[in-house]
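The next block holds one structure in the form of structure tokens; read it before the comments.
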Amino acid sequence: MKRLLTIQDLSCVGQCSTTVALPLVSACGVECAVLPPAILSNHTAPGFKGWSFCDLTSELPKVESKWVEQGIRFDAFYTGYVCESHIDPILSIMRTCAEPGAIRIIDPAMADNGALYRGFAADFPSKMARLCRGADYLLPNLTEAALLTGEDPVRFGAGTARPRREDIERLISKLHELGVRNVVLTGVSFDEESLGTAVSDGKLVKYDFNMRNPRNSHGTGDVFASVFAGAILRGKSAFDAAALAADIVCAAIEATPADHWYGVSFEKVIPSLVAALQ
Ligand code: PXL
């Protein structure tokens, strides 16, 4: 069994980051170790009125040295929502605790709908870009992709934005120039009805679309990235992993009760994920 380390916050309530990654990566049949660089009472998206934030930056080198002492290494790293102070310690852990050939899956979780999440400074994307360099798979949404490449996040990522194929492919080339091997861009849409991903290995861009669900759901990026990471470690191609992840996201949105506002009910679709990877 492959062993993956996910590094992203622990939001105690909210169905995002670590509380999504641990069950979904495990359901894929991949061992999931966790390293939360911060603990929050809940996520920071609108709906919650506030949040507590316990920063664990100073713990990261201590954890790393214990792992190095004991020869604990990982086949893959999957990072999500992190803050500026976490980036150098994470880069160090990904160097010192890697099995030979370990892969890096980076979700630059910092923005959506044309804007940075609350709490991030305007220059944060340039810090996140340092974490993206050397990624085997980079999983931005359109807003994050624009912010990482100096493009206009509103033009690409706001609700009404519908960039053309040539714009999408320019964005993807710029993401490869950051030092990324494979780009999996989410939130791509060329018409009203569909929403999908563009998957690029630097030579060819392939698109996959599902029916758009008009509901505005939170935490879907984390569901997508977690299933993608698990499926990659189970030997799927980037395109097949992205297509499976998108199907699971759609099913999770559909399974979510109408009055459930802070996340999606991914728990209900775990059986179909397990079956898909059997
Ligand atoms: O789902 C991304 C995410 C993760 N962690 C925290 C968040 C968000 C999005 O808002 O606030 C703490």
Hey, with R₀ at 30 Å, roughly what FRET efficiency would ARG3 and TRP261 work out to, going by the Cβ-Cβ distance, to 0.05? 0.30
Give, in nm to one decimal, the length gained when the segment between ASP55 and ASP152 is fully stretched (0.36 nm per residue of separation minus the Cα-Cα distance). 31.8 nm
If you take the Cα atoms of region 112-223, find Rg, then find the Kirkwood Rh from the mean of 1/r over all pairs, what is Rg/Rh? 0.93
Could you tell me the extents of region 109-171's C-alpha atoms along the three principal axes, largest first, rounded to whole Å? 28, 28, 16
Starting from a Cα-only point model with no solvent, please compute log10 I(q)/I(0) by Debye for region 163-278 at q = 0.22, 0.23 1/Å. -1.26, -1.32
Taking the Cα centre of region 117-186 as origin, sum charge times position over the Cβ atoms of Lys and Arg (+1) and Asp and Glu (-1), and report the length of that vector in debye to the nearest 20. 80 debye
Once the Cβ-Cβ distance between ARG130 and LEU277 is put in as r, and R0 is 41 Å, what FRET efficiency do you end up with, to the nearest 0.05? 0.80
Rg/Rh for the chain, where both radii come from Cα atoms and Rh is the Kirkwood radius: 0.93
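Every read-out reported here was derived from the displayed coordinates using simple, explicitly stated rules and does not represent laboratory data. Remember, predicted model here, so these are calculated numbers, not experimental data. Note: ideal-geometry Cβ built from the backbone for every residue, glycine included; neighbour counts use all protein chains shown.
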